[in-house]
Amino acid sequence: MSVTTEIKRLHHELPEGVTLVAVSKTHPAEAIAEAYQAGQRIFGESRPQELRAKWECLPQDIEWHMIGHLQTNKVRMIAPFVALIHSADSARLLRVIDSEARRVERVIDVLLEVHISAEESKEGWPPTELDRWIASGEWREMSGVRFRGLMCVATNTDDVEVVRTDFRAMKQLLDRYRTVFGPEFDTLSMGMSDDYTDAIACGSTMVRIGSTIFGHRYYPPKE
Ligand SMILES: *Cc1c(COP(=O)(O)O)cnc(C)c1O
């Protein structure tokens, strides 16, 4: 399948109210340009350097989303242009996003990444910690950040019931936190190539799809 065919198919298939983030990490600018020609405007990347380089050479009306783990010392590189950070996973990172956003006179949209799966991983807030941080009210002082919703990566398993349980728990969290943050807290970023239909059935409003559109990724050796 070509990039064009897949983009058109997804635009046709995704229900109203579900936004497609085309995950272009590791793929060259030409592949992104093809998706752009097919009508796609939102792209997700997971490395700040790569995101910045692609932003510099591709059309200015692209909305660039940061979906991967973000180190505090890399925020400055993307703060001037990033449209949405999906992976805000600590108070420390949020403080840096807030100050970098104010430095460039922007308000940056963020999603709080929740560690919803039972797997060991450093990424995402454990739900109890997130509860505690939200209750602390620190976020109210962050004028450079707009809290837009939640993001997760579901448990990596073939057992669809486990995956659906993660997605349902996320939807409940979104509904609960929306009463705290207000109506702008409306985005639930969940669902990837293998599980996006289940995610949508459970209330996802934003799917992050990479390999279905662009094919396999070939990671360069670690720097
Ligand atoms: C790479 C990545 C995706 C896309 O995964 P596919 O399985 O290729 O669709 C989605 N979300 C995150 C956080 C990713 O890192």
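A dipole drawn for the chain from +1 and -1 charges on Cβ atoms has a positive end, and of Cys202, Val3, Asn73 the residue lying farthest that way is Asn73. How high is the FRET efficiency between Ala83 and Arg217 when r is their beta carbon distance and R₀ equals 30 Å, given to the nearest 0.05? Calculated value: 0.85. Residue ranges 111-121, 83-93 sort as 83-93, 111-121 when ordered by packing (mean number of other C-beta atoms within 10 Å per residue, highest first). Identify, among Ala33, Ala22, Ile85, the residue whose Cα sits farthest towards the positive end of the charge dipole of segment 8-97, taking +1 on the Cβ of Lys and Arg and -1 on the Cβ of Asp and Glu, with the dipole about the Cα centre. Looking along the dipole axis, the top candidate is Ile85. Picking from Asp175, Asp159, Asp109, which is most flexible by a Gaussian network model of the chain using Cα springs under 10 Å? The residue that fluctuates most here is Asp159. Summed over qualifying helices (DSSP H, 4 residues or more, each -39500 (n - 2.57)) and divided by its residue number, the chain shows a 222 nm mean residue ellipticity of -11500 deg cm²/dmol. By the count of neighbouring beta-carbon atoms within 10 Å, fewest first, Ser2, Ser193 end up ordered Ser2, Ser193.
The trypsin sites (Lys or Arg not before Pro) of segment 120-223 meeting both criteria, a DSSP state outside H, G, I, E and B (loop) and at most 15 other C-beta atoms within 10 angstrom of the site's C-beta, are Lys122, Arg217, Lys222.
Across all directions, the average flat footprint of the convex hull enclosing the Cα atoms of segment 121-223 is 8.7 nm².
Over all distinct Cα-Cα pairs of the chain, the Kirkwood formula returns a hydrodynamic radius of 17.8 Å.
If each residue's Cβ is checked for other Cβ atoms within 10 Å, how do Cys57, Cys152, Cys202 rank with the fewest at the top?
Placing the least packed residue first, the sequence is Cys57, Cys202, Cys152.
What is the magnitude of the charge dipole of the chain about its Cα centre, with +1 placed on the Cβ of each Lys and Arg, -1 on the Cβ of each Asp and Glu, and no other charges, expressed in debye to the nearest 20?
The calculated dipole for the chain is roughly 660 debye.
Applying a DSSP loop filter and a limit of 15 other Cβ atoms within 10 Å to the GluC sites (Glu not before Pro) in segment 5-89 leaves Glu16.
Computed from the C-beta positions of Ala201 and Asn156 and an R0 of 25 Å, the FRET efficiency is 0.85 to the nearest 0.05.
Readers should treat all values here as calculations from the given coordinates under stated rules, not as data from a laboratory. Keep in mind that this is a model prediction, so the values were computed, not measured. Quick reminder, even Gly has a Cβ in these numbers, built from the backbone with ideal geometry, and neighbours come from all protein chains shown.
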